[in-house]
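Below you'll find the structure, written out as structure tokens, and then a few comments.
The values are calculated or read from the model by the stated rules, or taken from the named source; none is laboratory data. Since this is a predicted model, take the numbers as computed values, not measurements. Glycine gets a Cβ as well: all are built from the backbone with ideal geometry, and neighbour counts include every protein chain shown. Heads up: the accessible areas ignore ligands, DNA and RNA and are worked out on the full protein's heavy atoms, side chains in. Shrake-Rupley method; radii C 1.70, N 1.55, O 1.52, S 1.80 Å.
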Amino acid sequence: MRPFTLHTGLVAPLDLANVDTDMIIPKQFLKSIKRTGFGKNLFDELRYEDEGQPDQDCSARPLKKDFVLNQERYKGASVLIARKNFGCGSSREHAPWALDDYGFRVIIAPSFADIFFNNCFKNGLLPIVLSEAQVEQLFTESEAAEGYALNVDLSAQTVTTPSGDEFSFEVDAFRKECLLNGLDDIGLTLQHADTIRSYEEKRKQTSPWLFADKK
Amino acid sequence: MSAKTLYDKLWDDHLVQERDDGSALIYIDLQLLHEVTSPQAFEGLRIAGRKPWRISANLATPDHNVPTTNVERKSGIEGISDPVSKIQVVTLDDNCDEFGITEFKMQDVRQGIVHVVGPEQGATLPGTTVVCGDSHTSTHGAFGALAHGIGTSEVEHVLATQCLVQKKSKNMLVRVDGTLSPWVSAKDVVLAIIGAIGTAGGTGYAIEFGGEAIQSLSMEGRMTVCNMAIEAGARVGLIGVDQTTIDYVKDRPYAPKGEQWDQAVTAWNELHSDDGAHFDNVVVLKAEDIKPQVTWGTSPEMVIAIDQPIPRPEDQTDLGLQESYARAWKYMGLAGKNTLNDITLDRVFIGSCTNSRIEDLRVAADVVKGRKVASTLKEAIVVPGSGLVKAQAEEEGLDKIFTEAGLEWREPGCSMCLAMNADKLGNGEHCASTSNRNFEGRQGFGGRTHLVSPAMAAAAAVAGHFIDVNELVKH
Ligand code: SF4
């Protein structure tokens, strides 16, 4: 997993509460055999006029002009702000995959659904909980000023606005450690590679028949 | 040393490392792979630039998506008409080729449903840990193996590390004492167990099945029982090793040979719960009480014996049950029906990882031999669990018996069990199915599934409705 330390990025304000994972990535795209390539279908139903199909070329599809990600000034946004209970609904890991693939690195909301929150950390995305008032301030400021960017410092656990306001946020120590070092579950387990190897050596001695090649 | 359950022994034997939060790293001896839950796992490896930890610990075969009609199968992968299915099958082939993983490709005679193929090849061995991105991996517990179904992220984790992060389950013993009546099979036993403890009865437990009736089952029967442990809520089902297990494993392609065989058998003989081992929960059933079972609703626990009336929502005292029964009644179209015999069947499906092994097919053939499928049925299909099961059945002439009776003889795969390929139920159609899930829409949009044993499915095919197989064979 890609490590997360410091990030400065353009903010896109998605003024919606209870954004569910079906909205983030609709079910027809789950047939894909990939973990990547979901970006073009992120928020598919909010973003396009027509119904999207897997493997479709999206460049010619009619856009919903009002949708935040379709507005020129938010092109290249990597920090998404939204209202409460972001990521509710189905547990699909395709939701963080789609956000990540689109280019988001940070999601800020007053609250998140549990499974989605977990899935973000597994995929190198940082979900940040700020108070309703702080999120409100970010909405107001980002809508008012074009090119509004936030500075996110994971080790200091702070979000800094262009005018220098600093908000601190909570993050579980273990998860922080994983993100800072780019450790996913696999990365973490592989830190114990020597222990696994010595177990394996022992097993080779006691159950040699399990180590024959399959042809 | 204190007395241990079989589950405790398997757990301790595979413990690589315990963590502070109570979870543990468990070593995985065998991972089975199929086309639906593996693509993102391989993709993940590629993105991270990782290699599989131990290539020879993996075995793959496509099963969920492969077509089962002889026409489609003849032309190989090009014959798969659904483009999405085709991509998944091709992707599995490509991934296995790229990473050097042994795969029984679609046209290989050893191809089949993962849970049939592993044991058949002797890849599933007593005392091992087995995982697969499929919840019915519990099947392999029939060999005294610790077998888990896992998710796609975990498939990748196992590929990359040969380990799985797990928390230990509690121990539950389900004992079936006594002797089973004629035509009552492993499927009836496990349906009766689920009827007794419910679909959440095993949640948080590893269930060990024991008692005389379980011990009297063949390996095929034991696999049927463990297959459905997950329908009782338990990720793991287990049966201790005995001579039946060892005889089944002997001389299979991947089974140990020569000196290693003797060494292995010595180790395997320890694979049973010790006398006096502690179980957190014990359930006892009497084999004599078990009659042929049929599910009437949309959950495996909605099951009754063939001679019982269908339970009515209004007769339930529990409010929750009333609601779920009412919903199931509506979905299953049971209004005006009192008994299982009143349900007119549209289709019969004999197959799936629960009941598509040679013994299942023999029993079904026994029932239909010299009889004809009811003319009211739209379709009755028999789908062997693997190419080798198919070959064996044909050698025994079972295919002829089926086709003469009017059943279709198909190519191996998951088929109508989950309706991912063209084999599915139409809206509102009733099906007698030897598979393991009767959820809404499982076998096709609006399809109505009734879970039964192979003998009961065969009897239903002949009668056109459910009937006690004992009655049918009397005539
Ligand atoms: S036969 Fe059915 S239950 Fe078994 S692996 Fe295939 S789809 Fe899953």
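Taking 22 Å as the limit for the C-alpha separation, the pairs B:4/B:170; B:9/B:187; A:64/B:86; B:9/B:168; B:369/B:424; B:51/B:167 exceed it in the case of B:9/B:187; A:64/B:86; B:369/B:424; B:51/B:167. For the residues A:73, B:235, a 1.4 Å probe over the protein chains yields an accessible-area ranking, largest first, of B:235, A:73. Carbon-plus-sulfur accessible fraction, the range B:279-387 (probe radius 1.4 Å, protein heavy atoms only): 47%. If you average the sequence gap of Cα pairs under 8 Å that are 6 or more apart and divide by the length of chain A, what percent do you get for the contact order? Once divided by the residue count of chain A, the mean separation gives 25 percent. Using the 1.4 Å probe convention, the accessible area of the protein assembly as shown works out to 38 Å² per residue with neighbouring protein chains retained.
When chains B and A come together, the accessible area they lose, probed at 1.4 Å and totalled over both chains, is close to 3300 Å². Against the empirical 2.2 N^0.38 Å (N residues), the range B:169-321 has a Cα radius of gyration ratio of 1.17. Taking other residues whose beta carbon is less than 14 angstrom from the beta carbon of residue B:342, and scoring Lys, Arg as +1 and Asp, Glu as -1, yields +2.
Estimated from helices alone, the mean residue ellipticity of chain A at 222 nm is -8500 deg cm²/dmol (sum of -39500 (n - 2.57) over DSSP H runs with n ≥ 4, per residue). Sorted largest first by accessible area at a 1.4 angstrom probe radius, with every protein chain in place, the residues B:165, A:11 fall in the order B:165, A:11. Convex hull volume of the Cα atoms of the protein assembly as shown, normalised per residue: 171 Å³.
For the peptides B:309-315, A:139-145, the ranking by mean Cβ contacts within 10 Å, running from highest to lowest, is A:139-145, B:309-315. Entry note, chain B: the mean residue ellipticity at 222 nm calculated from DSSP H runs of n ≥ 4, each adding -39500 (n - 2.57), is -9500 deg cm²/dmol after division by the residues and rounding to the nearest 500. Taking amide H atoms as placed 1.01 Å from N in the peptide plane, the amide H of residue B:128 lies under 5 Å from those of B:146, each 5 or more residues away in sequence or on another chain.
Computed over the range B:346-395, relative contact order equals 59 percent, with contacts defined as Cα pairs under 8 Å that lie 6+ residues apart. For chain A, the share of DSSP beta bridges that are antiparallel, to the nearest 5, is 50%.
Kindly give Rg over Rh for the range B:1-110, based on alpha-carbon atoms, with the Kirkwood expression for the hydrodynamic radius. A ratio of 1.12.
Other residues lying with their Cβ under 14 Å from the Cβ of residue B:71 contribute a combined charge of -2, Lys and Arg counting +1, Asp and Glu -1.
Burial annotation for the range B:16-65: residues with an accessible-area loss of at least 50 Å² between the isolated chain and the complete set of protein chains, computed on heavy atoms with a 1.4 Å probe, are B:16, B:17, B:27, B:40, B:43, B:50, B:53, B:54, B:56. Remark on the range B:255-271: accessible area falls by at least 20 square angstrom from chain-alone to full-complex state for B:260, B:263, probe 1.4 angstrom.
Give me Rg/Rg_expected for chain A, where Rg uses Cα atoms only and Rg_expected = 2.2 N^0.38 Å with N residues. Its radius of gyration relative to the 2.2 N^0.38 Å reference: 1.20.
Along its first, second and third principal axes, ordered by size, the range B:78-175 spans 48, 27, 24 Å in Cα coordinates. The accessible-area loss of the range A:32-69 on complex formation, taken against its chain alone with a 1.4 Å probe, reaches 40 Å² or more at A:33, A:35.
With the gyration tensor restricted to C-alpha atoms of chain B, the semi-axes of the equivalent ellipsoid amount to 33, 27, 22 Å, longest first.
If I take all pairs of Cα atoms in the range B:1-50, what percentage of them are more than 13 Å from each other? Tail fraction, whole percent: 72. Amide H contacts of residue B:283 (H built 1.01 Å from N, in plane; Pro and chain starts excluded): B:173, B:174, B:175 sit under 5 Å, all sequence-distant by 5 or more or on other chains.
For chain B, give the share of DSSP beta bridges that are antiparallel, in percent and rounded to the nearest 5; count only bridges with both residues there. Bridges in chain B that DSSP calls antiparallel: roughly 25 percent. Of all DSSP beta bridges confined to the protein assembly as shown, the antiparallel ones make up roughly 35%. Averaged over the residues of peptide A:204-211, the number of Cβ atoms from other protein chains lying within 10 Å of each residue's Cβ is 6.
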